[in-house]
Each structure stands twice: as structure tokens, then as C-alpha cells.
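Participant: The structure is given below, and queries will be raised subsequently.
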Amino acid sequence: MENLFSIQEVAKMTGLSAHTLRYYEKIGLIMNIQRDTTGYRQYTDSDIAWIHFLIRLRVTGMPMLKMKQFSDLRQEGDSTIVSRRELLEEHHQDVSSKIEELKMNLHKIEEKIEYYKALDPTKKQYF
């Protein structure tokens, strides 16, 4: 049997606000959340794992529409495995491209730092 967690506990575990968790449920990124007898949400370990994956997609720049598409495919079951993999492969390529661009920009910033270090009048240079 899986553990059950309140929305406040899940918010604390994931760093998302309760409002964001409810919003994700409303737009269909998170589905089939259990409710207790009084109607309060009860999240399972599986729900939390899925939320963490959604966070990774968001942090790496996947648009919400693509996240929703992935979530919908996931809900459809095993018949969508290839489509889900292709969506993730596309996102992986996007993330890899962004990382390469960041590396190039970081290198140029490092070059500029070295340039200014060489010009720094407070550094004694001995010839």
C-alpha cells in the first residue's frame, strides 16, 4: 500500500505551492488524485514521482502545452509509449542545444573576465 500525503505535505516535498498543484490538476497535468471522505486530496508516492518529473520538464524549458500533451499520452496507456519517447527525445535535443549555447556564452564571459584581469591596474605586473 502506498503512502498518502496531503496537498500541504506534497507542496513542501516538491517546492510547488498548493495553488500550483491544484492548477496542474485543473489543466490535466496531474490526474486521478484520490480524495478522503471529507474531500481533501490524498497524493500517493506515484503521484509525487509524477509531479517531480513534471517539475523536471518545466525546469528544463518544456512548454506547458507539450507537458500537457505528454500527460495526455501517459493517461492513454502503453499504446502511446512510442509517442511519449519521441516527445522526450525532442525535448532532450532542445535541452542539449540550450546547454551547448550556454557553454559557448560562458566561455565568452570567461574570456572577457581574463581580458579585464589583464587590464586591472591594481595587479602588479612584473616584466
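Participant: Could you tell me which of the residues L16, L54, L29 is of a type in the set (A, V, I, L, M, F, W, C), assigned to a helix (DSSP H, G or I) and either at pLDDT below 95 or closer than 30 Å to I99 by Cα (or both)? First the steps, then the outcome.
Facilitator: Values: L16 fails: assigned to a helix (DSSP H, G or I); L29 fails: assigned to a helix (DSSP H, G or I).
Sole residue among the options that is of a type in the set (A, V, I, L, M, F, W, C), assigned to a helix (DSSP H, G or I) and either at pLDDT below 95 or closer than 30 Å to I99 by Cα (or both): L54.
Participant: Moving to a separate point now. Can you list residue pairs whose Cβ atoms sit under 8 Å apart, with the first residue in segment 3-18 being among the charged types (D, E, K, R) and the second being assigned to a strand (DSSP E or B)? Count only pairs 6 or more apart in sequence or on different chains.
Facilitator: E9/Y43
Participant: Still on this structure, please answer the following. Between residues in segment 76-88 that are open to solvent by less than 50 Å² (accessible area, probe 1.4 Å) and residues that are among the basic types (K, R), which pairs lie under 8 Å by C-beta distance while being six or more apart or on different chains?
Facilitator: T80/R74; R84/R74; L87/K66
Participant: Right, next: Which residues, taken from segment 1-60, are among the aliphatic types (A, V, I, L, M), under 18 Å from Q75 (Cβ atoms) and in contact with a Leu (Cβ under 8 Å, 6 or more places away or on another chain)?
Facilitator: First, pick out the residues of segment 1-60 that are among the aliphatic types (A, V, I, L, M): 1, 4, 7, 10-11, 13, 16, 18, 21, 27, 29-31, 33, 48-49, 51, 54-55, 57, 59.
So of that shortlist, the ones also under 18 Å from Q75 (Cβ atoms) come out as 21, 27, 29-31, 33, 48-49, 51, 54, 57.
Residues satisfying the conditions are L29, I30, I51, L54.
The values are calculated or read from the model by the stated rules, or taken from the named source; none is laboratory data. Remember, predicted model here, so these are calculated numbers, not experimental data. With ideal geometry, Cβ positions are generated from the backbone for all residues, glycine too; neighbour counts draw on all protein chains shown. SASA here: full protein model, heavy atoms, side chains in, ligands and nucleic acids out. Shrake-Rupley method; radii C 1.70, N 1.55, O 1.52, S 1.80 Å.
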